[in-house]
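Okay, structure first, notes after.
Where a number appears in this text, it was derived from the coordinates with a stated rule and is not lab data. A quick note: this is a predicted structure, and the numbers were derived from the prediction, not measured. Ideal geometry is used to build each Cβ from the backbone, glycine not excepted, and the neighbour counts take in all protein chains shown.
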Amino acid sequence: MRGNAEAHELIAPGTVAAVLELLANAPGQWTPIAGGTELMVAHAAGRLNAKKLVSLWGISDLRSIQTTEEGTTIGAGTTFSDMRGNAELASAFPLLVKAAGWIGSIANQCRATLGGNLVNGSPAADSSPALLVYDAEVELASVRGSRRIAYSDFHTGYKRTELAVDELLLAVHLPRRFEKHRQYLRKVGTRRAMAISKVALAGTVLIEDGVLAELRLAAASVAAYPTRLYRTEDALRGKALTAETAQSARAALLEEVLPIDDIRSTADYRRQVAANLLGEFLEQLEVSP
Ligand SMILES: Cc1cc2nc3c(=O)[nH]c(=O)nc-3n(C[C@H](O)[C@H](O)[C@H](O)COP(=O)(O)OP(=O)(O)OC[C@H]3O[C@@H](n4cnc5c(N)ncnc54)[C@H](O)[C@@H]3O)c2cc1C
């Protein structure tokens, strides 16, 4: 049944400080709403439990992309269309901008924010694999202060995160250290657009003296939340790229991923396709040094 707008209260204090005060004074009572592309779908379906909504839309401090020598900071309220339109971001972190182009439709990308994508905590979130292989950190803030944690530690379970009830996700920080890395990202869905991933895989690899010296792999839709594939990385790190290495990495990945059967796909399909994507990434490393 469709939701009733009159059953909800929406306020827009207009600054991060005012929102944090509100969250601190009534813990758990106010739900932040940014672009609303998740929450309004829930509202339309009559399953938006949050009665008090505090808007983050229009808070300029949350909507910025700043690049320095050290890296790039993306405000949590930055939309995916902002990210697609930022040439510096596209040059330094191409996988993230590629993923931004996968979020729903163009209209969706004009509202959907990076912060909303991460806090929503879907195992299929499109921005997550790229952030994981770029060693992203997330900055969380409350009236108690702010803290930075590795994005790989942010998700703690299915749709559960490290965010406390009085905290906002302020920004995502990306270190600039991947220029020399070979990079890969592919999403497999039912269609080429407007499709939630059945499985997605990202990778960054630095090849030195013929061996895979440094590498990161991450996947979406193969576990309760987007995750680094540490054991598969271990099967490759420090090795030359041979058929044997590729085979043992494939075996490690098939052991490591824990997908489920759901309306979009089966667990077995997801495991096999994730392994095939890894194979594709490794093949691309062989053919173009
Ligand atoms: C038609 C359609 C297609 C879609 N396709 C895709 C797709 O292909 N890939 C994909 O990954 N997603 C997709 N989505 C999901 C959605 O667009 C994204 O998850 C989006 O990034 C959510 O951002 P938002 O700002 O709209 O979040 P909102 O709906 O505003 O909020 C989502 C959640 O995050 C919380 N939140 C938001 N910002 C903050 C913050 N700064 N601090 C603390 N909490 C916060 C909210 O309280 C809420 O719990 C699709 C959605 C629709 C409607």
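Ordering Trp102, Trp57 by the number of other Cβ atoms within 10 Å of each residue's own Cβ, fewest first, gives Trp57, Trp102.
Fully extending the segment from Ala195 to Arg2, taken as 0.36 nm per residue of separation minus the present Cα-Cα distance, adds 67.1 nm. For Thr161, the residues whose amide H sits under 5 Å from its own are Thr156, ignoring neighbours fewer than 5 places away on the same chain, with H placed 1.01 Å from N. The Ala87 and Ala107 beta-carbon pair, evaluated with R₀ = 22 Å, returns a calculated FRET efficiency of approximately 0.45. Contact order, relative form, for the chain: 14 percent (alpha carbon pairs under 8 Å, 6 or more residues apart, mean separation divided by residue count).
Each of Ile65, Gln109, Leu163 was scored by the projection of its Cα onto the charge dipole of the chain, and the greatest displacement toward the positive side belongs to Gln109; charges sit on the C-beta of Lys, Arg, Asp and Glu. Of the residues Val41, Tyr269, Ala213, the one whose Cα sits farthest toward the positive end of the charge dipole of the chain, with +1 on the Cβ of Lys and Arg and -1 on the Cβ of Asp and Glu, is Val41. Net charge of the neighbourhood of Glu38, taken over other residues with C-beta under 14 Å away and scored Lys/Arg +1, Asp/Glu -1, is +2. With a Förster radius of 22 Å applied to the beta-carbon distance between Asp209 and Asp234, the computed FRET efficiency rounds to 0.70. For the stretch 113-171, applying the loop criterion from DSSP together with a ceiling of 11 other beta carbons within 10 Å to the trypsin sites (Lys or Arg not before Pro) yields Arg144. Arranged from fewest to most other beta-carbon atoms within 10 Å of their beta carbon, Asp234, Asp153 become Asp153, Asp234.
If only the Cβ of Lys and Arg carry +1 and only the Cβ of Asp and Glu carry -1, the dipole of the chain around its Cα centre is close to 780 debye. Quick check: from the Cα gyration tensor, does the stretch 46-150 come out rounded (a/c under 1.5), prolate or oblate? It comes out oblate by the Cα gyration axes.
Working from label points 7 Å from Cα in the Cα-to-Cβ sense, the Ala17 to Arg148 distance is 2.3 nm.
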